[in-house]
Structure formats: structure tokens, C-alpha cells
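These notes concern the structure reproduced below.
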Amino acid sequence: MALGGSASRRFAEALLDLAVEGGAVAALRESLDRLRTSFDAPTIRSLRDPGTRLERRLAAVDKAAAGEPRQIRSLLRVLVERDRIALLPAIAQSFGEIVDKREGIAVARVTTAVLLPKEQQDALVRRLEQASGRKVRASFLVDAGLLGGAKVQVGDRLVDSSIRSQLESLRAKLAS
Amino acid sequence: MATSSEITDIIKAQIQGFQGRAVSADVGTVVDIGDGIARVYGLAGCMASELLDFGKGVFGLAFNLEEDTVSAIILGEYTGIKEGDEVRTTGRIVECPVGDALVGRVVDPLGRPLDGKGPIATSASRPVDVVAPGVITRKNVDTPLQTGIKAIDAMIPIGRGQRELIIGDRQTGKTAVAIDTIINQKGTGVICIYVAIGQKESSVAKIVAALEERGAMDHTIVVVAGASDPATMQYLAPFAGCAMGEYFRDAGKDALVVYDDLSKHAWAYRQVSLLTRRPPGREAYPGDVFYLHSRLLERAARLNEENGGGSLTALPIIETQANDISAYIPTNVISITDGQIFLETDLFNQGIRPAINVGISVSRVGGDAQIRAMKTVAGRLKLDMAQYRELAAFAQFGSDLDKVTQAQLRRGERLTEILKQPQYEPVAVEKQVVIIFAGTNGYLDDVPTPRVRDFQRDLFRWLDGQGRTVAEAIVKEKKLTPEIEKDLRATLDEFKKTTSYAAASA
């Protein structure tokens, strides 16, 4: 949910255009997700350090991304040259979102008071897919504070039927 | 008093009747917050100007909808909001409570009471920013709104449904004109709404006390967004006041709304616009500051009979700097309104109060609304005053003037004296007609200028006593028929016999 800003989205869109031409969308996504974890804050800081010569930094990036697809290696070089390497995690995020959107996949977050058994989870996902008309990739979280019921968020849309929020609205009604 | 068991029963009933249902809303997260502005990530389905729930009873207004964020202005206290807080849409546009229960109250722009007189019992509410009534629902301005101020009612008349600007430097009595007008609406059925924008709380308290003392709070709502309130509340205040007035307008009643003042409103709007990164234009105001005021003032209207025949009159106030009426906001509002009342420091210091410059003040539609009697006497008054102004400037240089000129100057001095009026003392229209008639028909020419006020005071008292028949006839007929005019001359002659003002000054 990081705020990407428009710059990271522009890079992600450009990369997607290339990926569609090359027919390697899934591969690029996997690669970005891998790199996202390896390029942590200290790595990025050293890659932006003007005390090290640019050639050496580029060489380091090439070495780190040796096994990755060609487009990704070029992207990393461009990012280092333009001093935009700090955007990499945001680009990875935006890329994932854009791909999901293109393929009609909605991300759902389901919070319940107790962990739902597998068959209920599957049933819920099917219901969500019917309701939204899109494929749903759901993650399941547990928050005992809800007491009962469930909070389901698909995209920005939240449906809250938890016991806690009902108690809170009862409290607001009694207090007014 | 309810006993504790009764209270328990009420709560029981409420709990039993409570139906928990799933709430569905768009959600977002606060990414930054400051200066009363929050940027919210998400909220993909958010409407423009939608009310947003920040939790803990804090609400915001969706101001800018951007590519993946929404800039919201917080209505009220924003210090409790943190980065990462969840924000929900409400599906509602910003509203304020309206209704008769608000009359006599002092409230904030969201209709919450500020006067400590308990909750406001009204369930009705209206969106604060709505589109003004269209052409086919409107009608000409044809009923006067008496301000009780002689100079205005005679020469710059205001009709119900009109927008008349009050403009002038600080300390020229702009608010006083508006307050006198509110006081004069007592007993006329006109509901008044006084909107204080960015004013000192002490000034507002003084105004409320003045209104209360004169019994004018019984027909008045005061909407306050003080100098220490967030700019967002100051931005909202006139729209809220207007919505409260529209309730009466649409119910077929008459209402008057005073915006004191729109310069500060423009500042507040400039602040929120710049903070939400809207591009600045002239004097750093955003490009739509003209539209801001035109859509507000356009909501003042006189509705036709099919639509209830109600009216909403607007008296916006603009404060100028060093008499500069060609600055951005003054020119904007002058061009929007149906006329303006200019108040000037020089006149104020010369003791001409209200300090109205009748030469450049105009009312573009109010003339149709004047009662016939007033129209008759005011025509002569305007002419005499115009001649006087021309001569007065000229006569400063020479002393040997011909008789006609001297007479005109004398007349003008007395008329100027008649038009002076202390604060909080509105005059009924029939009395205005009589004194102006007396002035323009030479009944005052032999009264020395310093004693004109005494003359006027005694004449008004006379009109309450012996001269009552004439005053009542003017109220009834609303015009000066030949008979009434004859009666009026006779009454004035008779009154002049009672006291000799000329002698006292000799």
C-alpha cells in the first residue's frame, strides 16, 4: 500500500509494455519480487553513493542481477544511472498492481476473529468472485478484537460486518 | 425528571430495536496530515465534496481528487489524526442542520451549538453547497426590505431577494449597517442569519449581546467561524448560513443573510486552495474564487408564487484596504451583486454616520421595491443631494454666492443632517417619509443645522402622538395621495408652531 507517486508507475508501465511485447510478464513480476527483498535500504544507499564511481556501481548491479531477465537488468542500469534506484520497491509494487488490474484480479483482505477453515475460505472467495465479477486473490488475517463476524476488503471497498463495529455503532447511537 | 428505571427502559428499547448491519464503505489511509489538510491514499470511489469519516468523530471534505490520492480538508480539530489512520467514505455531501429550532441560536458552520443553550432539536438538514434556483422559479424583486436606515431606504433601497454589497475600509460602520438592518426586521417575519467569518470572538460576542438586548435574537441565527477556527470552517461558514436561509426561502418565508465578511472568506479559501496545491492566480487567489462567490450569492433569490414566493436576501460585506475598490475581491463581488453601499472613512470622521457615500452607492433593482410614498419623496431628495454635492465642492472657494445657490447649500446641509442616524436606532418607513418630505419641501430651511436633529426627534415623537393619523395613513395607503399630502403639510405646519427651533440658536 505504499504511496508510489507517479514516477514509479511510469517506470512500471514502460516495463509492462516491454514485457507484453516480449511475452514475459509473469517472469518479470517474479524477478521484481525477488529483487525487491534483496535491494534493501543499505544496498540502495550504497548504490546512490556518489563517492563510488558510476561504472563500479553499475558493475555491482549487473553482478547482483546476473540471473534476471534482460529487461530487468536494463531497468536496473537505467535506475542507477538516473539516481532513481530508490524507486525499485515502489516500481515492483506498481508493476504487480498494474498486472493484476490488466488480468482482472482483485486483491481481497479478509479479517476474522478466528481462523476460517479451508473450505469456508474457498467458499468465501467464490462468493467474492461472483459479487465482484473478477478473480479474487485473498489473504486471510485473524484479529480476535473483532469478536465475531468478518471484515472483507476488496480493493478500496470495505464491507464490515464484525461484531465490534456493530457494538461501536450501538454505542454511538446510545450516546447521541 | 425521568427515574433511573425509565432511563433503563429507554436504553433497553434502543438496544432491542438496534439492528446491526454490515457497513459498506470505501476506505483509504492517511499518508500525510498538516495545516488542516489530509492526503488520503485509496478511496477510489470517493465523490467530489464527499464527507469523509476520519473516526473519533472527526470529519473531512474531499477537496481534490487526484490520481491515487484524495486531498481532504478537515472540518474541525485535526490534531488527533495520525498517519496511517483509516478513512471511510460516508456517501453523503457536507450538510448542516436547518429548521426553526436554529432561530435564536449561535452555531458553528456544522450547526453545532456554541451558546451553551443545549442541543438543537431539528432533524432536517440540507447540503451546504447546492445549485442556485433556476430562471423559471424566480420572480422580480418587488417587496422592500426596510433597513431602517434613512439614507439606504430612501436612496439605495433594498428589495427582498436582492444581493446588496456593503463595502468600505475597516472602522467605517459596515457591520453596524447590517446589524441595524437585522434589528429592524423585528416583527416583519424576516428571519435573519448573521454569518461571522474570521472575526474576533469578542466582536461576535458584542454583536450577539447587542442583538439580544434589542430583542433581535428572536428572529436571528448567528453562524460563527471565528479567527481561531480552522480556515476550512471559515470557508464553509457562508455556505452553511446560506443553506439555513434557503430552508426559510423554500418554505415560502423571507430570510436575510449577512456575510461578514467575504474578504476573509476569500482568504480562507485561498489558504485551503494553496495547501491542497491548487495553482494560484491573481493575488494568489485560486482561479475559481469568482465562481466561489458568484455561486454563493446566486442562491439569494426571490421565488415566484408557484414555488412558494419565499425570498433570501444577501448582504455580503467586503473590507477594502485604503478605499481601493479596484482590488481583485472587491471588483469581483461588486460585479456579482445588484448594487453596493460604499462607506468611507472621511465621511465617518466628518461625523456623517452612517458614512454612506450616496454619490457612488447604487441599488440596481431595489427601486422597484420601494413603497410609492418613499419613491415620491426620495426622487426629490436624490436631486437635491446631487446638486448640493456639486455646489459644496465649488462653494468652498468663494463667499459671495447668489441667493439660489445659498438656498441650495442650506437645503443640502439640512438634508445631510437628516440622513445622519445613530447606531441601533432604525426608523420606521412612514417616519422616514415624513422627515424627508419635510426636508425636501423646505420645512427645515429655517431650522439651524445643529438643531435639525432635535427637530427630527421631536417630530418623530409628535408622529407617535398628535400626528399619528398621517403616519397611519402613509402605512395604509403606501403612497402620497393628494389628501395625505395635504394632511401631511397641515401636520407639519401644526408641529412647527409647537416649538421654535430658530429662536433657540440665536
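Read-outs: derived from the displayed coordinates by stated rules, not from any lab. These numbers were taken from a predicted model, which means no experiment stands behind them. Cβ coordinates were reconstructed from backbone atoms using ideal geometry, including for glycine residues, and neighbour counts include every protein chain displayed.
Could you work out, residue by residue across B:43-50, how many beta carbons of other chains sit within 10 Å of that residue's beta carbon, and then give the average as an integer?
1
Relative contact order, percent, of chain B when contacts are C-alpha pairs under 8 Å separated by at least 6 residues?
The normalised contact order for chain B reaches 15 percent.
Mind jotting down the three principal axis lengths of region A:53-176 based on Cα atoms? Whole angstrom, largest first.
If we take the Cα atoms of region A:53-176, the spans are 67, 34, 23 Å.
Summing Lys, Arg as +1 and Asp, Glu as -1, what charge do residues with Cβ under 10 Å from the Cβ of A:ASP100 carry, A:ASP100 excluded?
Cβ neighbours under 10 Å give a net charge of +4.
B:PRO354: net charge of surrounding residues, Cβ under 10 Å, Lys/Arg +1, Asp/Glu -1, itself excluded?
+3
Which entries of B:LYS117/B:LYS478; B:LYS382/B:LYS496; A:LYS173/B:LYS253; A:LYS173/B:LYS206 show an alpha-carbon separation above 31 angstrom in the structure shown?
In this structure, B:LYS117/B:LYS478; A:LYS173/B:LYS253; A:LYS173/B:LYS206 lie more than 31 Å apart at Cα.
Provide Rg over Rh for region B:444-506; use the alpha carbon set for both Rg and the Kirkwood Rh (inverse mean inverse pair distance).
Ratio of gyration radius to Kirkwood radius for region B:444-506: 1.02.
So how far, in whole Å, is the C-alpha centre of region A:59-122 from the one of region B:124-196?
61
How high is the relative contact order of region A:105-175, given as a whole-number percent (alpha carbon pairs under 8 Å, six or more residues apart)?
Relative CO of region A:105-175 lands at 39 percent.
Tell me the Rg and the Dmax, in Å, that the Cα atoms of the protein assembly as shown produce.
34.8, 116
Kirkwood-based Rg over Rh for region B:252-344 (C-alpha set), two decimals?
1.04
Taking beta carbons within 10 Å but only from partner chains, what does the mean come to for residues A:160-169?
Partner Cβ neighbours, averaged per residue: 3.
Could you state the angle between the C-alpha long axis of helix A:5-22 and the longest principal axis of the C-alpha atoms of chain A, as a value from 0 to 90 degrees rounded to the nearest 10?
Between helix and principal axis, roughly 70 degrees.
Hey, if you drop one equal point scatterer on each alpha-carbon of region A:105-175 and run the Debye formula without solvent, what base-10 log of I(q)/I(0) do you get at q = 0.12, 0.16, 0.23, 0.28 Å⁻¹?
Evaluating at q = 0.12, 0.16, 0.23, 0.28 Å⁻¹ gives log10 I(q)/I(0) of -0.34, -0.57, -0.99, -1.25.
Counting alpha carbon pairs within less than 8 Å and at least 6 residues apart, what relative contact order, in whole percent, applies to region B:222-319?
Reported relative contact order: 38 percent.
Can you put A:THR111, A:THR43 in order of Cβ neighbours within 10 angstrom, beginning with the fewest?
A:THR43, A:THR111
Just round it to a whole percent: the fraction of Cα-Cα distances in chain B exceeding 43 Å.
Cα-Cα pairs in chain B separated by more than 43 Å: 27 percent.
Along each principal axis of its Cα atoms, how long is region A:7-100 end to end? Whole angstroms, biggest number first, please.
39, 22, 20
For a quick check of your reading of the filter: which trypsin sites (Lys or Arg not before Pro) in region B:256-311 sit in a DSSP loop and have no more than 16 other Cβ atoms within 10 Å?
B:ARG277
Can you put B:HIS293, B:HIS219, B:HIS265 in order, fewest other beta carbons within 10 Å first?
Least to most surrounded, the residues fall as B:HIS219, B:HIS293, B:HIS265.
Quick check: the distance between the Cα centres of region B:359-379 and region B:227-294, to the nearest angstrom?
30
Can you give me the distance in nm between label points at B:ILE11 and A:ASP17, each placed 7 Å from the Cα along the Cα-to-Cβ direction?
Placing both labels 7 Å beyond Cα along the Cβ direction yields 6.5 nm.
Which lysines have a Cα less than 16 Å from the Cα of B:LYS264, not counting those fewer than 8 places away in the same chain?
Answer for B:LYS264, where 16 Å is the Cα cut-off: B:LYS174, B:LYS200, listed by chain and number.
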